[in-house]
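Notes follow the structure.
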Ligand code: UN1
């Protein structure tokens with residue numbers, strides 16, 4: 001705790017932080033409701049933020065709109081330089097910010113650092129992208145005409161982020177949205193607002209060094225009511241939301257009603273298929289990290305292992321052995337693999353799911369339980385558990401954000417793929433095999449139906465260079481790499497006539 005207090009001091013976190021920030025201007029609305037961030041590590045209060053009032057929300061939107069008219073005029077490569085400086089700032093603060101993320105969210109210190117590394121990586125990506133916002137040229141069917149398409153920014157991009165990646169997921173959205181010429185309005189999870197306060201401070205200082213106005217990056221705080229204020233506000237052109245499928249459906253409905261744009265990154269129910277031709281020694285750490293990393297609270301966490309009957313017993317034994325080696329405890333201690341769940345509600349859904357597994361007839365290879373490490377005053381630590389289930393169970397079709405791993409048996413690859421796809425979600429998937437045919441079938445159109453399909457690596461830990469997101473109830477959005485940037489821009493098709501005629505398309509004659 002002395003260590004975390006010096007980190008909090010170095011990062012300049014006040015005990016009470018403003019309900020909003022547009023840059024150097026922010027405000028503490030003393031009468032506003034407060035959200036106190038409590039660390040799941042030891043149940044200590046970290047700091048508080050205010051909930052934004054209606055008047056302040058208007059103020060923030062006004063500032064953002066004004067900033068947009070300036071920011072969109074700055075050439076994209078120069079906007080890229082701002083992101084480059086932000087990346088360098090993050091490099092400087094990686095340890096401190098990573099430690100805060102670990103303490104506020106409860107993920108292991110290594111994963112806290114890893115999250116900041118993802119931010120640095122996306123900044124690098126954004127710098128390159130700032131010179132590559134390419135549009136196509138098209139051959140016109142008319143003589144002496146030229147067609148092309150160009151990409152323009154949208155305006156205000158709203159970012160609603162989840163507790164499990166309190167900083168990285170924001171940065172994927174913000175870095176691309178900003179390079180594309182948009183301004184951002186971020187509402188972080190009310191469970192992890194302090195990490196967001198620090199990110200906003202760091203980015204604001206970079207923007208100020210470039211003598212840019214307030215309103216390019218904006219932070220507001222609140223719960224679902226503020227989220228719904230954003231989704232219903234037609235001044236926010238795009239809402240990029242990460243979280244549960246339930247939340248995503250509410251966002252999609254509200255934004256669709258005003259014909260706005262969304263990027264949705266929702267629940268996953270990710271499976272690993274372990275075939276008879278798998279290298280079980282690599283499958284084991286991949287499966288265990290996928291299932292217990294971030295205490296099973298990644299949207300890419302491995303929730304289901306679909307194991308060939310010939311290697312089932314052998315792998316089961318290895319798995320149970322590996323679970324005995326997992327150290328659970330204070331995530332700031334680098335010897336621990338796994339920290340706590342985020343809060344009491346998460347514990348409740350962990351327990352409910354365990355009950356549901358038992359009701360359906362599942363049996364536990366490693367039993368789940370809640371416990372309280374003696375030196376820490378928190379009781380949101382759990383034992384990661386493994387349940388043997390039948391693929392027909394209902395419970396395995398829902399995502400529980402906890403380290404509960406289902407294992408099941410299969411005979412043929414077709415059957416394994418059918419089991420893997422037979423859930424409403426479609427985020428990440430993987431196959432462990434040294435058999436080329438099996439791997440290629442899994443990656444083919446009749447294979448995995450997920451947005452992410454891996455061979456011989458696990459379901460979690462995607463790199464920022466690829467487009468990140470999934471199908472079906474995962475929401476269909478893509479963030480981060482390849483062409484995800486296009487979702488933050490509007491496409492405009494331009495046809496230019498440099499002839500002295502006015503020929504019509506499709507050969508239509510219109511003689512005057
Ligand atoms: C999430 O859980 O919302 O692929 C994002 C991964 C990380 C991102 C997860 N790069 O596991």
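Using Cα centres only, tell me the gap between region 285-314 and region 465-492 in whole Å.
Each part reduced to its Cα centre gives a spacing of 26 Å.
So, by mean Cβ neighbours within 10 angstrom, what's the order for 256-265, 419-428 with the highest one leading?
The most tightly packed comes first, giving 419-428, 256-265.
By counting other Cβ atoms within 10 Å of each Cβ, how are 92, 324 ranked from fewest to most?
324, 92
Restricting to the chain, compute how many DSSP beta bridges are antiparallel as a %, nearest 5.
Counting only bridges with both partners in the chain, antiparallel ones make up about 40 percent.
Once the principal axes of the Cα atoms of region 376-420 are found, what is the range along each, listed largest first in whole angstroms?
48, 16, 13
Report the percentage of all Cα-Cα pairs in region 207-310 whose separation exceeds 16 Å, rounded to a whole percent.
70
Tell me, how many Å apart are the Cα centres for region 136-182 and for region 187-211?
For region 136-182 versus region 187-211, the Cα centre distance is 22 Å.
Run the numbers for residue 511 and residue 317: contour at 0.36 nm per residue of separation, minus the present Cα-Cα distance, in nm.
Here the answer is 61.6 nm.
Please compute the alpha carbon radius of gyration of region 247-402, then divide it by the globular-protein estimate 2.2 N^0.38 Å. Two decimals is fine.
1.16
Kirkwood hydrodynamic radius of region 401-463 from all distinct Cα pairs, in Å?
12.4 Å is the Kirkwood radius here.
Sorted from fewest to most neighbouring beta carbons within 10 Å, what does the list 401, 289 look like?
Fewest-to-most ranking of 401, 289: 289, 401.
Per DSSP H run of at least 4 residues, take -39500 (n - 2.57); add these up for the chain, divide by its residues and hand me the 222 nm value, nearest 500 deg cm²/dmol.
-12000 deg cm²/dmol
Using the count of nearby Cβ atoms within 10 Å as a rough guide to exposure, how do 328, 502, 273 rank from fewest to most?
502, 328, 273
Mind ordering 246-255, 154-163 by average Cβ neighbours within 10 Å, highest first?
Final packing ranking: 154-163, 246-255.
Over all directions, the average projected area of the alpha-carbon convex hull for region 12-129 comes to how many nm²?
So the mean shadow area of the Cα hull is 8.6 nm².
Explain nothing, just the number: relative contact order of the chain, from Cα pairs under 8 Å at least 6 residues apart, as a whole percent.
Answer for the chain is 17 percent.
Which order, highest average first, do 112-119, 72-79 follow once you tally other Cβ atoms within 10 Å for each residue and take the mean per peptide?
Highest-to-lowest ranking by the protection proxy: 112-119, 72-79.
Let me have the relative contact order for region 433-512, percent, based on Cα pairs under 8 Å that are six or more residues apart.
Dividing the mean separation by the residue count of region 433-512 yields 16 percent.
All of the numbers you see were taken from the coordinates with simple rules; none came from a lab. All values reported here derive from a predicted model rather than from experimental measurement. As a convention, Cβ positions derive from the backbone with ideal geometry for all residues, glycine included, and neighbour counts pool all protein chains shown.
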